[in-house]
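Below: one structure, written as structure tokens.
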Amino acid sequence: MFGGQMPRLLAVIIALTAWVGLGIQFYATFGTSGSVLETLWIILRFFTITTNLIVAVTMTAVALDRRVSSFIHAGVTLAIGLVGVVYVTLLRGLLQLEGAALIADTILHYAVPIMTVLYWIAIAPKYGLRWQHSLLWSLYPLAYFAYAIVRGSIDGRYPYPFMNLAELGPARTALNAVGLAIAFVIAGVLMVAFSRLAGRNRGRPLG
């Protein structure tokens, strides 16, 4: 759909947006913690931060004309799309934000997810994606879930209500993890289906 340098230019915009959002979030958190290491420890607790960081690195690589496989690009897009959907459906309004924190929240939960998903739909390579990739992509949120639970078990702070092991108990928390993984797999299957349809419509081999 786009030719020439346009894909790289759009990748630059997305990468810069993600980096700026992360920087503003760091600034807002640092204003409270007063320590660089503590700030990093706090913000890296959240799936939003880790995923936006992955988007920033991935789109920076695309902007620099480095090869990013369709498998990686689709997985990153799926993860950041989940960030936006989960925030809008489950987390929006739980905290009253203002100033820099509100700006970062808007960038990381709305701007970056929307821009990245649209980039993947319109521009990103989609050839070679397979049905089993949806299972592999789900390993990232599951690994994050385990990481967040371990951290929360140590310091008593859980990043999201549906991960609060202390309040929900092991069974409900595990069920939430399974539900998250299933949603991720279903979304991944839909992405593969879209990639195959897009390839067929363009009259090109699916790989």
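The values are calculated or read from the model by the stated rules, or taken from the named source; none is laboratory data. Note that the structure is predicted; figures quoted are calculated from it, not measured. Glycine gets a Cβ as well: all are built from the backbone with ideal geometry, and neighbour counts include every protein chain shown.
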How about segment 66-80: which of its residues are surrounded by fewer than 17 Cβ atoms within 10 Å (Cβ to Cβ) and in a helix (DSSP H, G or I)?
-> PHE71, ILE72
Select, from VAL12, VAL83, the only residue that is closer than 25 Å to GLN132 by Cβ and surrounded by 14 or more Cβ atoms within 10 Å (Cβ to Cβ).
-> VAL83
State whether one or more residues within segment 92-99 are touching a residue at least 60 places away in the same chain (Cβ under 8 Å), part of a helix (DSSP H, G or I) and surrounded by 14 or more Cβ atoms within 10 Å (Cβ to Cβ).
-> no
Taking LEU142, is it part of a helix (DSSP H, G or I) and either at negative phi or touching a residue at least 12 places away in the same chain (Cβ under 8 Å) (or both)?
-> yes
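Results for (1) touching a Pro at 6+ places or on another chain (Cβ under 9 Å); (2) modelled with pLDDT under 95; (3) of a type in the set (A, V, I, L, M), shown as yes or no for each residue.
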{"residue": "THR32", "(1), (2), (3)": "no, yes, no"}
{"residue": "SER35", "(1), (2), (3)": "no, yes, no"}
{"residue": "VAL55", "(1), (2), (3)": "yes, no, yes"}
{"residue": "ASP65", "(1), (2), (3)": "no, yes, no"}
{"residue": "GLY75", "(1), (2), (3)": "no, no, no"}
{"residue": "GLY81", "(1), (2), (3)": "yes, no, no"}
Those residues of segment 145-168 which are crowded, with 19+ Cβ neighbours inside 10 Å, in contact (Cβ under 8 Å) with a residue 24 or more places away in the chain and farther than 24 Å from LEU78 by Cα amount to none
What residue, among those in segment 187-204 that are free of Cβ contacts under 8 Å to residues at least 40 places away in the same chain and exposed (fewer than 12 other Cβ atoms within 10 Å of the Cβ), is farthest from the chain's Cα centre (by Cα)?
-> GLY203
Note down all Cβ pairs under 7 Å where the first residue falls in segment 34-54 and is within 11 Å of LEU22 (Cβ to Cβ), the second is polar (S, T, N, Q) and surrounded by 14 or more Cβ atoms within 10 Å (Cβ to Cβ), and they're at least six residues apart or on different chains.
-> ILE43/GLN25; ILE43/THR29; LEU44/THR50; ILE49/GLN25
Any residue at all in segment 104-113 that is part of a loop (DSSP other than H, G, I, E, B) and modelled with pLDDT under 95?
-> no
What number of residues in segment 10-45 are within 26 Å of ALA63 (Cα to Cα) and either of a type in the set (D, E, K, R) or in a loop (DSSP other than H, G, I, E, B) (or both)?
-> 1
Among the candidates GLY81, GLY23, single out the residue that is more than 20 Å from ALA148 (Cα to Cα) and either over 15 Å from the mean Cα position of the chain (by Cα) or touching a residue at least 40 places away in the same chain (Cβ under 8 Å) (or both).
-> GLY23
